[in-house]
1. Relative contact order of segment 138-222: what whole-number percent is it, with Cα pairs under 8 angstrom and at least 6 residues apart?
2. If a/c stays under 1.5 just call it rounded; otherwise compare a/b with b/c (prolate if a/b is bigger, oblate if not). Do that for the chain, with a ≥ b ≥ c from the square roots of the Cα gyration tensor eigenvalues.
3. Residues with amide H under 5 Å of Ile182's amide H, sequence separation 5 or more or different chain, H placed in the peptide plane at 1.01 Å from N; which?
4. Strictly over 18 Å apart at the Cα level, which of Lys180/Lys221; Lys11/Lys202; Lys95/Lys196; Lys166/Lys248; Lys106/Lys202 would you flag in this model?
5. What percentages make up the Cα-Cα pair-distance distribution of segment 106-167 when the bins are 5 Å wide from 0?
6. Roughly how many debye, to the nearest 20, is the charge dipole of segment 1-87 about its Cα centre, given +1 on each Lys and Arg Cβ, -1 on each Asp and Glu Cβ, and no other charges?
7. Name the shape class, rounded, prolate or oblate, that the alpha-carbon gyration tensor gives for segment 22-87, where a ≥ b ≥ c are the square roots of its eigenvalues, rounded holds for a/c under 1.5, and otherwise prolate holds if a/b is larger than b/c and oblate otherwise.
8. Taking N as the number of residues in segment 74-208, what value does Rg over Cα atoms divided by 2.2 N^0.38 Å take?
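Values in this text are rule-based calculations from the coordinates and carry no lab data. In this text, all values refer to a predicted model and were calculated from it rather than measured experimentally. When we count neighbours, we look across all protein chains shown, and the Cβ atoms used for this are built from the backbone with ideal geometry, even at glycine.
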Amino acid sequence: MKYAIITGSSKGLGESIAKLFLESGVHVVGLSRSNNDYLSVIAKENNAIFKHIPCDLEKIESLEQVCEEVADIVFSEETNTIYLVNNAGVVEPVKQSMHIQANELKSHVHINTIAPMVLTNYFLDKATEKEIPLICAIVTSGAAESPMYGWSAYCTTKASMNMYTKTVALEQEELKTDHKIIAFSPGIMDTEMQKKIRSSTKSEFLQLETFQGYKENNLLKSTELVGGVLIDILVDTDINSGKIYNVKDYL
Ligand SMILES: NC(=O)c1ccc[n+]([C@@H]2O[C@H](COP(=O)([O-])OP(=O)(O)OC[C@H]3O[C@@H](n4cnc5c(N)ncnc54)[C@H](OP(=O)(O)O)[C@@H]3O)[C@@H](O)[C@H]2O)c1
């Protein structure tokens, strides 16, 4: 029996990853603030389990309790593999760094950096104790490697997750565990996040017209297509732990 823990399963890429896992018979625990009834229907059709645990990843102080709740579900006698997909993310605040307030930064870093680290650290420890392999993905972005005017928070948190991925992979390799961790850059997709990007102003985000053009010219990929690539990578026994995978190498 396999379980996938997916953050940000309510919409966008996370919803598609959850759907595709359920369709392949993998049970899913979704973490997000809002639920997604459609995933319960998909689970039923595929004799799989979908459990939503309401969770605000900004609230770091409650994350340990959330982890324990998830662990009670996924670490069963029959479980032989656990996938953890740290997908939830926010792009805001989008503006020049000198106009960003401390509170905005705190919220952004909690969601994009601290929450995925807390979840990954917790499940690595627990999976080691239970002797079940953990296959972990962190959804990163091309912005981790290219500075973008107005995205200082986002570029920084995504870059930090790339380095976290490489560091954890190095540790797990030294420890000779079966756990694997990768980062995955999904390219530009047609989601709420892109809508938010297009609703910024040019003074906040210099590349606004380029991103508006991506939508107008149908260049945004579907989340199902991208989610399928990620799942193929995760279920591959030759997964290269520590690697920053990029969807453009597969599509
Ligand atoms: N879209 C793109 O073009 C693009 C490009 C590169 C990288 N990415 C990355 O891909 C990932 C998915 O992005 P997306 O485009 O699918 O985004 P999206 O459509 O905006 O969905 C974001 C997901 O994250 C969850 N989330 C946000 N804040 C949360 C919080 N405080 N607590 C719990 N969950 C929270 C949302 O759930 P709730 O609102 O229900 O809480 C939602 O399910 C992100 O890591 C993003 O950085 C996206």
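1. Relative contact order comes out at 31 percent.
2. Here the chain falls in the prolate category.
3. For Ile182, whose amide H was placed from the backbone, the distant partners under 5 Å are Cys136, Ala137, Ile138, Gly242.
4. Numbers: Lys180/Lys221 27 Å; Lys11/Lys202 27 Å; Lys95/Lys196 13 Å; Lys166/Lys248 20 Å; Lys106/Lys202 24 Å.
Where the Cα-Cα span goes over 18 Å, the pairs concerned are Lys180/Lys221; Lys11/Lys202; Lys166/Lys248; Lys106/Lys202.
5. Taking every Cα pair in segment 106-167, the percentages come to 4, 18, 25, 22, 14, 9, 6, 3, 1.
6. Numbers: 7 positive and 13 negative charges, 71 e Å.
So the dipole magnitude of segment 1-87 works out to roughly 340 debye.
7. Oblate shape, in that a/c is at least 1.5 and b/c is the bigger or equal ratio.
8. 1.19
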